[in-house]
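Everything on this sheet refers to the single structure shown next.
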Amino acid sequence: MEQKQQSLESFLTWAAQLGISDSTSTNQPQHSLSSCLGSSLCVSHFPHSGGRGLGAVRDLRRGEIVLRVPKSALMTRESVMEDKKLCVSVNRHSSLSSAQILIVCLLYEMGKGKTSRWHPYLVHLPHSYDVLAMFGEFEKRALQVDEAIWVTEKAILKAKSEWKEAHALMEDLMFKPQFLTFKAWVWAAATISSRTLHIPWDEAGCLCPVGDLFNYDAPGEEPPGIEDLEHLLSNSSIHDTILSNGDKNIMVDAEQLDCHSQRLTDGGFEEDVNAYCFYARAQYKKGDQVLLCYGTYTNLELLEHYGFLLQENPNDKVFIPLDPAVYSSTSWSKESLYIHHNGKPSFALLAALRLWATPQNKRRSFGHLVYSGSQISSDNEIFIMKWLSKTCDAVLKNLPTSIEEDTLLLNAMDNSQDFSTFMEITRLMSSRDEIFTFLEARNMKDKHSFTDVILTRKARRSMDRWKLAVQWRLRYKKVLFDCISYCNEILDSFMK
């Protein structure tokens, strides 16, 4: 522990020497010579919200600058390719994407060891990640939902394809064998996926020492967009556009509605100071964790790109199977037909279902009602609520485990100090097939006792990803359950 603390202090000193600072003043205090932090922030541990992160050392006002990282301290393709050998080799492989090149740059610097100018930063990067591309077969299947399994398979195939495409470049650079492996590639790709920040001159982004210590906070307010359609319809020009598009193609242009829906993150590169600047996104008290909004993500997207999820994510979405006629009855995009994190169907989903449940020869005449958010009739509303409830219930019943079983499994994972305790807690669970599958995947199925079992690092990592999969599918199921409750409340209101 003491060695880790010394290493962290060395890193913060190195960062200060590069000009990284959390001082609000351009006249840096004396402590900045030994640490880049101390005026606004400090490295701290938040066990229930992201682990290692940045905490406030004083009260912070919303919008005040809390960290400044000069361009010269950013790890970019441009800065790493100042190495002539690397630059010449990369230029011979012009077919590679900017992200692939940045991944190669990262591995190239890792291969240099202590001689890399980035070594103090690189040694503090995580040794492993839990992004979907790193999920094994067992963890992938533990997600249970076809959509999530497909996204995971796609992420794995993409990583393997990009690794093979870049292999010739890595061989040209005479990488050591351990840096040529797929394991090394997917680690570097996960680093780039989960830690890079946007910069205007390179779509691959940059690695930002100290700046990548901020943990994630989801956007708190719903952006203007489809859900504000009823308000937007008060604008007569938009209303006229909707009504002039005919019965099948009635819709509001998604780009028009979403033009203001891109959420602003809490940091960005500022040309006038030639630095990446970070600002407090809220009022923080001394000791609070200071968080950063990376953008708008569902939990599945957070897992795919960052390797974590949120228990309460206001941007989460659940998609359910819809009759093909639902899609053909409306011009809403498939991506807009979902259930919100709180169980309420999206505006577009409700509109699509209301039109679908209307006879085709009457859809044009009822279009103005649907796209203003109004109900067509009591019978129409009762029909779609019953259909929606029945569909959600069918999806839940078709999954291998229930909400109750997943909750018990998660509690066992959370309350077990060791693997033998976990096995003892789960011994009486009604569904143990998944546990046996885990044992089989880890070659532990034939063990008669788990009293002295110490999981290998690989097995512990698999169990961590298993837990993430269970957390994700449990949130998915709870959204469906909440949607059923929502539908029942609407149906009950018609009985009064």
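The values are calculated or read from the model by the stated rules, or taken from the named source; none is laboratory data. Everything quoted here is computed from the prediction, not taken from an experiment. Here the Cβ is made from the backbone with ideal geometry for all residues, glycine too, and neighbour counts use every protein chain on show. The accessibility values were calculated without ligands, DNA or RNA, using every heavy atom of the protein model including side chains. Shrake-Rupley method; radii C 1.70, N 1.55, O 1.52, S 1.80 Å.
Quick one: grab the alpha carbon gyration tensor of the range 156-209, order the square roots of its eigenvalues as a ≥ b ≥ c, and give me rounded if a/c is under 1.5, else prolate or oblate depending on whether a/b is larger than b/c.
prolate
Quick one: if you stick a label point 7 Å off each Cα along the C-beta vector at Glu137 and Arg460, how many nm between them?
Label-label distance for Glu137 and Arg460, simple model: 2.6 nm.
Please get the size of the charge dipole for the chain, origin at its Cα centre, with Cβ charges of +1 on Lys and Arg and -1 on Asp and Glu, quoted in debye to the nearest 20.
Rounded to the nearest 20 debye, it is 1120 debye.
Positive end of the charge dipole of the chain (Lys, Arg +1 and Asp, Glu -1 on Cβ, about the Cα centre): tell me which of Tyr279, Val131, Leu309 has its Cα farthest that way.
After comparing all options, I get Val131.
Charges at C-beta only: +1 for Lys and Arg, -1 for Asp and Glu. How large is the resulting dipole of the range 15-159 about its Cα centre, in Debye rounded to 20?
Dipole size: approximately 480 debye.
Shape call for the range 1-158 from the C-alpha gyration tensor, a ≥ b ≥ c root eigenvalues: rounded (a/c under 1.5), prolate (a/b greater than b/c) or oblate?
Here the range 1-158 falls in the oblate category.
Could you provide, to the nearest whole Å², the per residue accessible area of the range 354-462 with probe 1.4 Å?
Roughly 61 Å² per residue, with all protein chains present.
Test of understanding: what is the full-extension gain from Asn415 to Ser493, defined as 0.36 nm times their sequence separation minus their Cα-Cα distance?
Gain in length upon complete extension: 23.9 nm.
Taking the Cα centre of the range 71-217 as the origin and placing charges on Cβ (Lys, Arg +1; Asp, Glu -1), which of Phe182, Met81, Ile101 is farthest toward the positive end of the dipole?
After comparing all options, I get Met81.
For Arg92 and Ala394, what does the FRET efficiency come to when R0 = 56 Å and r is the distance between their Cβ atoms, rounded to the nearest 0.05?
0.55
Pop the C-beta distance of Asp288 and Asp172 into the FRET formula with R0 = 56 Å and round what comes out to the nearest 0.05.
0.70
Carbon and sulfur: what percent of the chain's accessible surface (1.4 Å probe)?
With neighbouring chains kept in place, the figure for the chain is 51 percent.
Order of 104-110, 198-204, 213-219 by packing, highest average Cβ count within 10 Å first?
Most protected by this proxy first, the peptides run 104-110, 213-219, 198-204.
Using packing as a proxy for protection, rank 267-276, 294-303 so that the peptide with the highest average count of other Cβ atoms within 10 Å comes first.
Per-residue Cβ counts within 10 Å, averaged per peptide and sorted highest first, yield 294-303, 267-276.
Students often get this wrong, so try it: which of (1) 4, 20, 31, 28, 14, 3, 0, 0; (2) 3, 11, 9, 6, 5, 5, 6, 11, 15, 13, 9, 5, 2, 1, 0; (3) 3, 16, 22, 24, 20, 11, 3, 0 is P(r) over Cα pairs in 10 Å bins from 0, in percent as calculated from the structure shown?
(3)
Sort the range 109-204 into rounded, prolate or oblate with this rule: let a ≥ b ≥ c be the square roots of the eigenvalues of the Cα gyration tensor; rounded if a/c is under 1.5, and if a/c is not under 1.5, prolate when a/b is larger than b/c, oblate otherwise.
It is prolate, given that a/c is not under 1.5 and a/b is the larger ratio.
Measuring with a 1.4 Å probe in the full set of protein chains, what accessible area per residue, in whole Å², belongs to the range 148-192?
That works out to 52 Å² for each residue.
Sorted by average packing, counted as other Cβ atoms within 10 angstrom per residue and highest first, what order do 131-137, 351-357 take?
Descending mean neighbour count gives 351-357, 131-137.
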